[in-house]
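Bear in mind these aren't lab numbers, they're just calculated from the coordinates by the rules spelled out. Quick caveat, the model's predicted, so the values are computed rather than measured. Here the Cβ positions follow ideal geometry from the backbone for every residue, glycine too, while neighbour counts run over all protein chains shown.
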Amino acid sequence: MRYAEGGGLTAAERARRERLRFAAADLFAQGVPAPEVARRFRVSRMSANRWYRAWQAGGVEALASRGPGGEKCRLDERRLQRLRAELERGPAAHGYLEDQRWTLARVADLIAVLFRVRYTLRGVSYLLHRLGWSPQIPVQRAVERGEGVIESWVAEEWPVIKGRRSTWAPGCAGKTRPGRV
């Protein structure tokens, strides 16, 4: 998973980037301009300029990592496990009998009922991704569908309806007429 801690960079990646910013601060102190720092460290000029302004305003401490970004998850590990179990029970177990799909709105309502916590639809999407769930396009099939009947129809009746391909004349797949010689 790209976001190993539920969002943002891993601790090792944050530390590596912080070391990079500190090395850039050393170069700034030596008088190296921001575009040259960007070239040396293979970062964008905008990043180097941002580092330079932060270094001017607050010194090296201004370039220190502030920790993982984003808001902390409002559900602890125990609640996340319970949410996963409830989702696996399916929508019918929670009163959605007409349609057997988990929508973001339904999951948000389930979270609100179970834990008294409100999530936006985008927040629910991030939370589901963190739990290993992904959006799926549902296969809608009738309950009365008979697989055996369908297989026999495709094997016996469809070839009769389709017929054989006529091969009496050469064809052309293009829309234009073949050129004359």
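Worth a mention:
- The gain in end-to-end length when the residue 101 to residue 49 segment is fully stretched comes to 13.9 nm, 0.36 nm per residue minus the alpha carbon separation.
- What the phi angles of the stretch 40-57 give under the Karplus curve with 6.51, -1.76 and 1.60, with θ = phi - 60°, is a coupling list of 5, 9, 6, 10, 6, 5, 4, 5, 4, 5, 5, 4, 5, 4, 5, 5, 5, 6 Hz, glycine and proline written as x.
- Here's the picture: charge each Lys and Arg Cβ at +1 and each Asp and Glu Cβ at -1 in the stretch 1-140, and of 9, 73, 37 the one pushed furthest to the positive end of that dipole is 37.
- FRET efficiency, residue 11 to residue 74 (Cβ-Cβ, R0 22 Å, nearest 0.05): 0.55
- Under the convention that each Lys and Arg Cβ holds +1 and each Asp and Glu Cβ holds -1, the size of the dipole of the stretch 47-106 around its Cα centre is about 160 debye.
- Per the Debye calculation on the stretch 88-142 with a single equal scatterer at every Cα and no solvent contribution, log₁₀ I(q)/I(0) for q = 0.18, 0.23, 0.24, 0.27 Å⁻¹ amounts to -0.63, -1.00, -1.07, -1.26.
- GluC sites (Glu not before Pro) restricted to DSSP loop in the stretch 30-83 with at most 11 other C-beta within 10 Å: 71
- For residue 102, no residue whose modelled amide H falls within less than 5 Å of its own remains once neighbours fewer than 5 places apart on the same chain are excluded.
- Debye intensity ratio in log₁₀ form over the Cα atoms of the stretch 30-145, taken at each q of 0.17 Å⁻¹: -0.85
- Here the Debye sum runs over all C-alpha atoms of the stretch 14-58 as equal scatterers in vacuum, and log10 of I(q)/I(0) at q = 0.15, 0.26, 0.33 Å⁻¹ comes out as -0.29, -0.91, -1.36.
- FRET E, pair residue 42, residue 66, Förster distance 30 Å, beta-carbon r, rounded to 0.05: 0.85
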